[in-house]
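Remarks on the structure that follows.
The values are calculated or read from the model by the stated rules, or taken from the named source; none is laboratory data. Quick caveat, the model's predicted, so the values are computed rather than measured. Please note: Cβ atoms are built from the backbone with ideal geometry, for glycine as well, and neighbour counts cover all protein chains shown. The area values use the complete protein model at the heavy-atom level, side chains included, leaving out ligands, DNA and RNA. Shrake-Rupley method; radii C 1.70, N 1.55, O 1.52, S 1.80 Å.
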Amino acid sequence: MPSAIKGDSIFYRLSFTSAILIFLVLIGIILSLIDGGWLALSEFGPGFVFRNVWDPVNSEFGAASAIYGTLVSSLIAIVIAIPVGLGTAVFLAELAPDWISRPVSMAIELLAAVPSIIYGMWGLFVFAPWFSEGFQFWALENLVGLPLIGHWFDGPPIGIGLLTAGIILSFMILPIITALTRDALKTIPNVVREAAYGVGATPYEVITRVLLPSIKNAAVGAGILGLGRALGETMAVAFVIGGANRIETSLFMPASSISSTIAQQFNEATNEMHISALISLGLVLFVLTFIVMGAARLLLRKR
Amino acid sequence: MKLLKSIVMSSMLAAASFSASAKTEVINGAGASFPHPIYAKWAEEYQKETGIRINYQAIGSGGGIRQITAKTVDFGASDAPLNEERLDKEEMIQFPMVMGAIVPVINVPGIEPGALKLTGEVLADIYLGKIKKWNDERITALNPDLEIPAQAIYVVHRSDGSGTTYNFTDYLSQISPEWSENIGRNTDITWPKAATTIGGNGNAGVANFVGRTRGAIGYVEYAFAKQNDLTYTQLASADGKFLKPSMETFQAAAANADWQNAPGFELLLNNQPGADSWPMTAATFILMHKDQADAEKAEQIIDFFEWSYENGGELAEGLDYIPMPESVVNMVENVWKEDLTSNGQTIIK
């Protein structure tokens, strides 16, 4: 059957080319980021990553505050979104009657389709004032005195800052985590559940001992996808993070993430070193995302 | 036969008129977002009159400088003027097109728009974090008639890079030696740590935070403050007189500016002399290459700018911009005549 063999080899070549193409594009992106950021990279060296200074007036740049803002806001997002997303997915797939789970599932998928700038505007105009009145004033009175975590909440109750950015991010990544986990739960054949119930397990035991362990990989994958979105999210963060290039221990203080800094400063940057430093920030984000994703995959493999 | 002839004739006429209209090209410009509303308005009116289309993209001052340097657009626009050295290096000319003003806006309970008096020194010290309460004695001393609450001050600034920030920080640099030494001026700066600062995205973001945060002070373009009914303040002029923001005080600043001694028109209009000069006004600039490949097109571009200077003043004021004074326009016209060339020949007669 020569024609079938020929078809096979064409198919092989096509898919091989696609795979190689991805690598070439990736290398192209890295090279152009290095090229654009060379001025700053050669000026500040590898220390660029650790310098906590962002001073466009004196052309002194470092990525530390932006990296800090990116990591902390993404961490907050993940800490909120993973348990809530997992809980929602379990409820929708296993516990809710059809008439609840269908509309709610649809609503969650729609939530994933909302553009990020809408989240940003909603965060700024609706969530931030409410957060300021509803939580921050209370936190200032009641939480600041606590040992260890008190200083997280010591800041102006203005409704924006790292914590707000993290919470808005968690709303944005929730649909991804929920939808992927729910779909994974739905792929588990019913005989598995029936067998578990058959040996006398309670619904709680079926879900935590049988179903969740069997979708562990999918759930972690969903978390990684969500984390990826949180790390790179730009406009929603730019609206609510407050745009201050410094590291503060308080989660109420304005901060900035890598992507929000690039988006907000690139257009009006007139000085060459400033532009180059912003492009270098892009390179840092690229590498940072690789490291975080790689670490997440390693964690998954070890367990 | 006659019919055929008329068809041929009319189609030839149509073709002729088509080629004539095809000759009027599209002029492309890009840059600062601050003058975008007025450039768009002028372009619209100009197209109605002449059929020539001006396509202006508001991509930011930095973007405008990059695009014109790379010659991907016919003209660039920037709120931050280039210095003479850079203009010479890139072989470009620069001229001011229109002006705007910046006003401080506040949110202090019980204070009406235009009631609170501030000086540049006090404004700088508020932004430096040295004045932390609204009832600080330096503020109450300026306003003996006002009842000012003991409210903490929140300083609101632009979190995005902006020409407004550039001009605002330039004013503070001129007023306060401490600001000039430690902070400086730019489209984006490191805000002083001593003050409690909030960053808002764009004029709208600053207005939003000032509007709902008790004790806030911010700075926005005048048009924005006016259209959104924000509580603006009075500000002392360079000669010490307290002024309310208005077209008259803005124009006084423009008229008193020393353009004659500013090479490449590199002049920021802040803190101009004259009792009635509003202290925070700023021009926005157009950038063009000295050597133009297409003389005819260069002439078309200059025609548009000339039309805007001559006929665009009222439109500008309608949008709360300040037209350039005639003396400046004359100086700009001289620059066009002297410096714009194509194949070694001057373009504008």
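Structure summary
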| item | result |
| --- | --- |
| Residue check, residue B:101 small (Gly, Ala, Ser), touching a residue at least 24 places away in the same chain (Cβ under 8 Å) and surrounded by 22 or more Cβ atoms within 10 Å (Cβ to Cβ) | yes |
| Some residue of the stretch A:36-45 being within 14 Å of chain B (Cβ to nearest Cβ) and open to solvent by less than 30 Å² (accessible area, probe 1.4 Å) | yes |
| Answer from A:281, A:211 - the residue that is open to solvent by less than 20 Å² (accessible area, probe 1.4 Å), within 14 Å of another protein chain (Cβ to nearest Cβ) and in contact (Cβ under 8 Å) with a residue 40 or more places away in the chain | A:281 |
| Any hit, the stretch B:214-226, residues being among the small types (Gly, Ala, Ser), open to solvent by less than 10 Å² (accessible area, probe 1.4 Å), in contact with a helix residue (DSSP H, G or I) (Cβ under 6 Å, 6 or more places away or on another chain) and within 29 Å of residue A:63 (Cα to Cα) | yes |
| Candidate set: the stretch A:249-263, residues that are among the aliphatic types (A, V, I, L, M) and within 11 Å of another protein chain (Cβ to nearest Cβ); chosen: the one surrounded by the fewest Cβ atoms within 10 Å (Cβ to Cβ) | A:263 |
| Residue list for the stretch B:201-260, restricted to those being assigned to a strand (DSSP E or B), among the small types (Gly, Ala, Ser) and either in contact with a Pro (Cβ under 8 Å, 6 or more places away or on another chain) or more than 27 Å from residue B:150 (Cβ to Cβ) (or both) | B:218, B:236 |
| Matching entry among A:229, A:246 (being surrounded by fewer than 24 Cβ atoms within 10 Å (Cβ to Cβ), outside any loop (DSSP other than H, G, I, E, B) and basic (Lys, Arg)) | A:229 |
| Identity of the residue in the stretch B:110-120, open to solvent by 60 Å² or more (accessible area, probe 1.4 Å) and at pLDDT below 95, that ends up farthest from the chain's Cα centre (by Cα) | B:110 |
| Given (1) closer than 27 Å to residue A:173 by Cβ; (2) open to solvent by less than 10 Å² (accessible area, probe 1.4 Å); (3) within 14 Å of chain B (Cβ to nearest Cβ), number of the condition residue A:266 does not satisfy | (2) |
| Selection from the stretch B:200-210 of residues that are more than 10 Å from chain A (Cβ to nearest Cβ) and either open to solvent by 30 Å² or more (accessible area, probe 1.4 Å) or at pLDDT 90 or above (or both) | B:206, B:207, B:210 |
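To keep it simple, each residue is scored yes or no on (1) away from chain A (no Cβ under 11 Å); (2) assigned to a helix (DSSP H, G or I); (3) within 20 Å of residue A:266 (Cα to Cα).
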{"site": "B:56", "(1), (2), (3)": "yes, no, yes"}
{"site": "B:62", "(1), (2), (3)": "no, yes, yes"}
{"site": "B:66", "(1), (2), (3)": "no, yes, yes"}
{"site": "B:73", "(1), (2), (3)": "yes, no, yes"}
{"site": "B:77", "(1), (2), (3)": "yes, no, yes"}
{"site": "B:85", "(1), (2), (3)": "yes, yes, no"}
{"site": "B:89", "(1), (2), (3)": "yes, yes, no"}
